[in-house]
1. Calculate one ³J(HN,Hα) per residue across region 41-49 by plugging θ = phi - 60° into the Karplus curve 6.51 cos²θ - 1.76 cosθ + 1.60, and present them in order as whole Hz with x for glycine and proline.
2. What full-extension length gain, to one decimal in nm, is calculated for Asn64 and Lys201 as 0.36 nm per residue of separation minus the Cα-Cα distance?
3. With a sphere of radius 12 Å drawn around the Cβ of Leu188, what net charge do the other residues whose Cβ falls strictly inside it have (Lys, Arg +1; Asp, Glu -1)?
4. Excluding Pro48 itself, calculate the net charge of residues whose Cβ lies under 11 Å from the Cβ of Pro48, where each Lys or Arg counts +1 and each Asp or Glu counts -1.
5. Search the structure for amide H atoms under 5 Å from the amide H of Ser114, placed 1.01 Å from N in the peptide plane, and list their residues when 5 or more places away or on another chain.
6. Give the accessible surface of region 1-63 per residue, rounded to a whole number of Å², with probe radius 1.4 Å and ligands, DNA and RNA excluded.
7. List the pairs from Lys179/Lys210; Lys102/Lys174; Lys102/Lys201; Lys127/Lys174 whose alpha-carbon separation is above 29 Å, in the order I gave them.
8. Calculate log10 I(q)/I(0) of region 108-212 for q = 0.10, 0.11 Å⁻¹, where I(q) comes from the Debye formula with a single equal point scatterer on each Cα and nothing for solvent.
Amino acid sequence: MTTLGSVWPLFDLTLTTPRLELRPIQDHEIPAAVAAARGGIHDAGRNPFSTPWTELADEELGPNMARWYWRCRAECTPESWTLLLGIWHEGGFVGCQDVGAKDFAAVRTVTTGSWLKQSVQGRGLGKEMRAAVVLWAFDWLGAEAAESEAAAWNSASRGVSRSLGYELNGITRKAWGPKVETVQHVRLTPETFKRPDWTLKVEGHEAAAKFLGAS
């Protein structure tokens, strides 16, 4: 029998931490993602995203999110890929953790980004989900570095990075919606990584890594 996972192996990838389950968002789960985003991610006037997608009107937000999920799948190749992992906590969808790479086989570097709905922020879930994809990248994919960035004022994101051992990696100026922001870049290696005291459970890795050209 041909299964969806046999056609698109990434759908069988699951990362499990003590409190979270991370797995690629499938079409029937997009409404849950949209509902979580509509519930609020950040305070008005302080958008942590360089593309201000959270400021779209309700009738535009859903189609925009769906297009992004479909685009990332359609453009996924070993040379350039972005996995959009949904975050489930206590049975509910609470956010998204992405991890991606360009020319991974050569540079062995991943980049990450994420969002959490406001009602579950402040509980350490952001750190836990970032740690999950970093553990997967370092210990399973063989990555040699993980990079991230945040607006200079984004103390929450920068705090997660600092707590995991990321080191400062330069400052740039970047278009941020209609504004220009100072952006802090950070970089993590297996040597500087402050590992959590829990073990990551991974399912579906071998087929996913082969599909991404990272096996």
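The values are calculated or read from the model by the stated rules, or taken from the named source; none is laboratory data. This is a predicted model, so every value here is computed, not measured. All Cβ positions, even for glycine, are placed from backbone atoms using ideal geometry, and neighbour counts span all protein chains on display. Heavy atoms of the whole protein, side chains included, go into the accessibility calculation; ligands, DNA and RNA do not. Shrake-Rupley method; radii C 1.70, N 1.55, O 1.52, S 1.80 Å.
1. 3J(HN,Hα) across region 41-49, in whole Hz: 10, 8, 5, 4, x, 10, 8, x, 10.
2. Values: separation 137, 0.36 × 137 = 49.32 nm, distance 3.18 nm.
Answer, rounded to one decimal: 46.1 nm.
3. Values: positive: Arg130, Arg162, Arg187, Lys194, Arg195; negative: Glu144, Glu147, Glu167, Glu191.
With Lys, Arg at +1 and Asp, Glu at -1, the neighbours total +1.
4. Values: positive: Arg46, Arg158; negative: Asp43, Glu149, Glu181.
Its environment carries a net charge of -1.
5. HN-HN under 5 Å from Ser114: Asp98.
6. Details: 3380 Å² over 63 residues.
Spelled out: the 1.4 Å probe surface of region 1-63, per residue, equals 54 Å².
7. Values: Lys179/Lys210 40 Å; Lys102/Lys174 20 Å; Lys102/Lys201 25 Å; Lys127/Lys174 25 Å.
Check vs 29 Å cut-off fails for Lys179/Lys210.
8. Debye curve over Cα of region 108-212, log10 I(q)/I(0) at q = 0.10, 0.11 Å⁻¹: -0.31, -0.38.
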